[in-house]
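See structure below.
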Amino acid sequence: MTRRVVITGMGCITPLGHDLETVWKRLLEGASGAIPTTIFDAGTFPTQFASEVKDFQLEHFIPDHYEQHKTAARNARFALAAAEMAWRNANLNGGLGVDPAMVGVYLGGGEGPIDFDNFAYAAVNAWNADDRDLDTVKWAELARERLTAVKEFEQDPNCAAGHIACRFNAQGPNFNTLTACAASTQALGEATQLIRRGDADVMISGGAHSMIHPMGVTGFNRLTALSTRNDSCTTASRPFDRTRDGFVLGEGAGILILEELENAKRRGAPIHGEILGYGSTADAFRVTDMHDEGRGAVAAMRGAIEDAGLTLADIDYINAHGTGTSENDKVETRAIRNLFGERAPQIPISSVKSMLGHLIAGAGAVELITCVLALRDQIIPPTINYSEPDPNCDLDYVPNEPRQAALRTCLSNSFGFGGQNDTIIVRKYDA
């Protein structure tokens, strides 16, 4: 018999707040986290705003352990704070009732400011102006020297997972996946599989990212993926709207404690929801574009529904990937229509990226947390800034206002560059 996996703890650090209830309240209010960029001077960039995490201090979350983790990079700090919240939320203080060897970590995480700085330093100084070419040998030497010299912060993608393992004595499986915007949903799905097959009883899972940096913004601007609505940043993220022009780059972390049901019951843990299904596919089409018919997205959603032992009729709400880019929203809509057929217009769909911005590798985990809170309170968060319907996006996107609804089962989508598609299904816990 497959072991059941439940959610016993949740924590998040986002542009809308540093605790679950504040973030949830502001989402239901339709608040936007977008502000003019302050992390660096973006005055000459096509996009001059972002959804930044403000007033964050890691020592406020782990005052007794801060010295051990003070070299953690920005994304790892977000992950540590969110994990601390989730651990406490799961009533795991002191690790009571769990075997450290059966506690693992699975995160979605990626590059960050230190990577960008080192890459830029090496590239600029290894450029041969006479030949108009890069001296790759010199570039490698400079990059190695730079990484050796920079002691203040660590940045390797797996560092957040390592810090979390140290903080919570998690001696079990430890992984990090770097599948772009799908990373934390994939991490949660794979963590679920580890528990199902008995490799762990508890997994600290989710994701964190921070790419608000000149190189990060330049890359997304070159891809024309970011909104350039500099005159009105709080209305710039407008998923599924006809006037959408790209996403708002955000940062933050979402961490969930996943636990084998009997272990959770044995220690009297709070149970916030149950992970029922997981689907993961690749478009195998283009690196930056989804397949026109959303074949990978359809397969991921269908796979998650089949894995959960459900039917199409069981899905009460879809938390969309919903970035606000022209192609993503059109193709995600088409994929939902292709899978759900005549029922598609009856399913409420919303994108909290309209408020949070796009947290990249941290997005899926924070969005799954919003699904769990929607199930708890029987209310769907809105898609804000929706004013002009798009004939290519013709479903129910819960525009501008939250909606009371009878919810039992939610489906959450995440799609990443490289053609990665991941879907998770969460349900209210039934004893």
Handout entry: Out of Gly309, Gly322, sole residue that is in contact with a Phe, Trp or Tyr (Cβ under 7 Å, 6 or more places away or on another chain), at positive phi, small (Gly, Ala, Ser) and modelled with pLDDT of 95 or more
Key = Gly322
Fill in the blank from the handout: Counting only residues in segment 349-374 that are in a strand (DSSP E or B) and out of contact with any Pro (no Cβ under 8 Å at 6 or more places or on another chain), the one farthest from Ala187 (Cα to Cα) is identified as Ile349
Practice task
Please state which of the following conditions Val124 fails to meet, knowing it meets all the rest: (1) surrounded by 17 or more Cβ atoms within 10 Å (Cβ to Cβ); (2) modelled with pLDDT under 70; (3) among the aliphatic types (A, V, I, L, M).
Solution key: (1)
Handout entry: Which listed residue, of Thr409, Thr423, is under 25 Å from His291 (Cα atoms), β-branched (Val, Ile, Thr) and in the same structural domain as Ala180 (by TED's automatic domain parsing)
Key = Thr423
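How many of the residues in segment 210-252 are touching an Asp or Glu at 6+ places or on another chain (Cβ under 6 Å), buried (at least 23 other Cβ atoms within 10 Å of the Cβ) and not polar (S, T, N, Q)? Write out each step before concluding.
Taking segment 210-252 first, the residues touching an Asp or Glu at 6+ places or on another chain (Cβ under 6 Å) are 210, 212, 227, 239-243.
Checking the rest, the ones that are also buried (at least 23 other Cβ atoms within 10 Å of the Cβ) come to 210, 212, 227, 239-241.
Restricting the remaining residues to those that are not polar (S, T, N, Q) gives 212, 239-241.
Of the residues in segment 210-252, 4 are touching an Asp or Glu at 6+ places or on another chain (Cβ under 6 Å), buried (at least 23 other Cβ atoms within 10 Å of the Cβ) and not polar (S, T, N, Q).
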Handout entry: Residues satisfying the stated conditions in segment 192-231, i.e. closer than 17 Å to Gly9 by Cβ and either without any contact (Cβ under 8 Å) to a residue 60 or more places away in the chain or under 15 Å from the mean Cα position of the chain (by Cα) (or both)
Key = Ile204, Ser205, Gly206, Gly207, Ala208
Problem - Residue list for segment 1-36, filter: crowded, with 22+ Cβ neighbours inside 10 Å, of a type in the set (Ser, Thr, Tyr) and out of contact with any Gly (no Cβ under 9 Å at 6 or more places or on another chain) - result: Thr8
Exercise for the section: Note down all Cβ pairs under 6 Å where the first residue falls in segment 301-313 and is farther than 19 Å from Gln186 by Cα, the second is part of a helix (DSSP H, G or I), and they're at least six residues apart or on different chains. Expected result: Leu312/Phe340
Fill in the blank from the handout: By residue number, the members of segment 1-47 that are out of contact with any strand residue (DSSP E or B) (no Cβ under 6 Å at 6 or more places or on another chain) and assigned to a strand (DSSP E or B) are Gly17, Ile35
Exercise for the section: Please find, within segment 208-230, the residue that is nearest to Asn176 (Cα to Cα) out of those that are touching a strand residue (DSSP E or B) at 6+ places or on another chain (Cβ under 9 Å) and in a loop (DSSP other than H, G, I, E, B). Expected result: Met211
Handout entry: Of residues in segment 375-429 being of a type in the set (Lys, Arg) and in a loop (DSSP other than H, G, I, E, B), the one surrounded by the fewest Cβ atoms within 10 Å (Cβ to Cβ)
Key = Arg408
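State yes or no: is Asp329 farther than 24 Å from Gly206 by Cβ, surrounded by 19 or more Cβ atoms within 10 Å (Cβ to Cβ) and in contact (Cβ under 8 Å) with a residue 12 or more places away in the chain? Full working, then the answer.
Working: farther than 24 Å from Gly206 by Cβ: yes; surrounded by 19 or more Cβ atoms within 10 Å (Cβ to Cβ): yes; in contact (Cβ under 8 Å) with a residue 12 or more places away in the chain: yes.
Judged against the criteria, Asp329 is a match.
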Practice task
For Asp316, indicate whether it is in contact (Cβ under 8 Å) with a residue 60 or more places away in the chain, of a type in the set (Asp, Glu) and in contact with a Cys (Cβ under 6 Å, 6 or more places away or on another chain).
Solution key: no
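The values are calculated or read from the model by the stated rules, or taken from the named source; none is laboratory data. This is a predicted model, so every value here is computed, not measured. As a convention, Cβ positions derive from the backbone with ideal geometry for all residues, glycine included, and neighbour counts pool all protein chains shown.
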